[in-house]
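Heads up, the thing below is written out as C-alpha cells.
The numbers here are math on the coordinates, done by the rules we state, and not lab data. Values in this document were obtained by computation on a predicted structure and should not be read as measured data. Neighbour counts run over all protein chains shown; Cβ positions are idealised from the backbone, glycine included.
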Amino acid sequence: MTDEVTIVDNPDEHRFEIHVGDTLAGFAEYKLLPTTIVITHTEVDPAFEGKGLASRLVRRALDVSRDTGLKVRPLCPYVAEWISRHPDYQAMVEVEVE
C-alpha cells in the first residue's frame, strides 16, 4: 500500500475512521458513556480488505480509549475477537456486574 494511512476519531459521527490517502477505508462505530466506550460495529471497505486495516483501526481506537482512562465494551464481534488475541488489552474490557 503506497498511500498514507491515517486514523482519526470523528466524534460527530461517533466513530474512528481509517483513511488511505484521501479515501475513507473503514470505521469503528462507538457509543461513548461516562467511563466506557461501547464499540458497536467495525467495517472495512471491500476494496481495502486483507491489508490489516481493521486491526490497525481497532488498536488505535483502544489505545486512544486507554489513554483517556476508558473501559471498553466490545459489542462488535471483530473487536471482541481482536481483544481476545491481544492480552495487553484484555484488562480494558468492562466487567459486567449482575
Fewest-first sequence of Val5, Val20 by Cβ atoms within 10 Å of each Cβ
Val5, Val20
Before rounding to the nearest 500, sum -39500 (n - 2.57) across all DSSP H runs of length at least 4 in the chain and divide by the residue total; then give [θ] at 222 nm in deg cm²/dmol.
-7000 deg cm²/dmol
Give me a comma-separated list of calculated 3J(HN,Hα) values for the stretch 76-84, in order, Karplus coefficients 6.51, -1.76, 1.60 applied at θ = phi - 60°, integers in Hz, x for any Gly or Pro.
6, x, 5, 5, 4, 5, 4, 4, 5
Could you work out, for the stretch 54-97, what percent of all Cα-Cα pairs fall into each 5 Å distance bin, beginning at 0 Å and stopping at the bin that holds the largest distance?
5, 24, 37, 27, 6, 1, 0
Taking amide H positions as placed 1.01 Å from N in the peptide plane, with prolines and chain starts having none, which residues 5 or more places from Leu75, or on another chain, fall under 5 Å of its amide H?
Ile39
Per residue of the stretch 54-59, what does 6.51 cos²θ - 1.76 cosθ + 1.60 with θ = phi - 60° give for ³J(HN,Hα)? Whole Hz please, x for Gly and Pro, Karplus curve as stated.
4, 5, 4, 4, 5, 4
Report relative contact order for the chain in percent, whole number only (criteria: Cα-Cα under 8 Å, sequence separation at least 6).
21
Using only the Cα atoms of the chain, build the gyration tensor, take square roots of its eigenvalues as a ≥ b ≥ c, and label the shape rounded, prolate or oblate: rounded if a/c is under 1.5, else prolate if a/b is larger than b/c, else oblate.
prolate
